[in-house]
Amino acid sequence: MEMDLERKMEIGIFDINFDTGERTWSHQLKELFEIPPDAPPDFRLVLQRVHPEDRRAFNAIALEPFKPDCPARRTIQFRIVRADGSVRWLHLVRMVIFRENNGHEAVRVLGFVGAIDGRIGHLGPWQHVDLAAKQRQAGTGI
């Protein structure tokens, strides 16, 4: 059931545990970024797909857990460039779990990435996104 919902909603999940080194990406996350299903989680593979104009902001969000002023929750909308050259908008929600009694030392980063282009009726909590403006900017229209 969970896998079916994940596929229908085009939502991918990630989980990074700094204590154990374990990195988990759902199958759908790999599909969203067009990463082979058997590829191990590697941030460079994701960054290669992020639109060049969005890479700096995306990278800054990804590196925040290593900074002392990292917020516990962050969201960002960004574009990826697919293998066929088309542009797609995604929405990322990232949460950081900090070590107890140690201020802002990140222990774990989890979150999800969802497709937001062309899914106006399915945006749910993302309805604040000005999808029409983003699609005009990307040249895809509605």
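Hey, with R₀ at 25 Å, roughly what FRET efficiency would Q48 and T20 work out to, going by the Cβ-Cβ distance, to 0.05?
The computed FRET efficiency comes out at 0.45.
If every alpha-carbon in region 36-122 counts as one equal scatterer, what log10 I(q)/I(0) does Debye give at q = 0.12, 0.17, 0.25 1/Å?
-0.43, -0.80, -1.31
Here, each number is a calculation from the coordinates, and none is a lab measurement. In this text, all values refer to a predicted model and were calculated from it rather than measured experimentally. Neighbour counts are summed over all protein chains in view; Cβ atoms, including those assigned to glycine, are modelled from backbone coordinates with ideal geometry.
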